[in-house]
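Working notes for the structure below.
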Amino acid sequence: MGARLGSQGPDQGYALRLVRLFDDKLHLGELDAEDVKAACVAIAMKRSAVFGRAPVVHDLTVAFTVWGFLDENPPAELVERREKLFPQVRSGHHYAERREIVDLVPDEVLRQSHGQIEMHYEADWQQNFDLDN
């Protein structure tokens with residue numbers, strides 16, 4: 001298996017439909033909504049693939065939670081990191097950058113329940129990432 005190939009899960013189109021449910025819930029700061037959605041859909045697809053199933057709304061909830069997009073007042077350091085990583089990732093020309101965002105969230109985190117991930121986010125958001133990646 002090569003670098004950044006991942007495992008494609010089934011029914012990616014359904015994740016694109018589900019992501020619209022979050023339109024009025026996201027706190028984006030200076031980021032473009034389409035960039036955020038593209039990256040978080042990719043994380044949701046990774047999580048669904050980890051479980052060997054199609055995406056569900058909880059996969060997107062996890063993706064938005066780890067990056068603090070459901071938090072009205074996310075930690076400043078996380079916001080700074082997001083503002084460096086997320087711009088332009090909706091473009092196919094920035095696939096490597098989108099994969100970098102996805103790869104920062106380890107499979108071990110994605111196997112956890114949303115409640116566990118949210119608890120880790122609130123205690124120390126860095127627990128949900130492989131920042132050495």
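Return a yes/no flag: does segment 89-111 have any residue that is touching a residue at least 24 places away in the same chain (Cβ under 8 Å) and among the polar types (S, T, N, Q).
No, there is no match, as no residue in segment 89-111 is touching a residue at least 24 places away in the same chain (Cβ under 8 Å) and among the polar types (S, T, N, Q).
Within segment 115-126, can you find the residues that are surrounded by fewer than 17 Cβ atoms within 10 Å (Cβ to Cβ) and touching a residue at least 12 places away in the same chain (Cβ under 8 Å)? Lay out the reasoning, then the answer.
Start the filter on segment 115-126 by keeping residues that are surrounded by fewer than 17 Cβ atoms within 10 Å (Cβ to Cβ), which leaves 115-116, 119, 122-124, 126.
Correct list: empty.
Restricting attention to segment 1-56, which residues are among the acidic types (Asp, Glu) and either closer than 22 Å to Leu85 by Cβ or at pLDDT 90 or above (or both)? Before the answer, list the steps.
Restricting attention to segment 1-56, the residues satisfying the condition of being among the acidic types (Asp, Glu) are 11, 23-24, 30, 32, 34-35.
The answer is Asp23, Asp24, Glu30, Asp32, Glu34, Asp35.
The values are calculated or read from the model by the stated rules, or taken from the named source; none is laboratory data. All of these numbers come straight from a predicted model, not from anything done at the bench. FYI the Cβ positions are ideal-geometry reconstructions off the backbone, even for glycines, and counts take in every protein chain you see.
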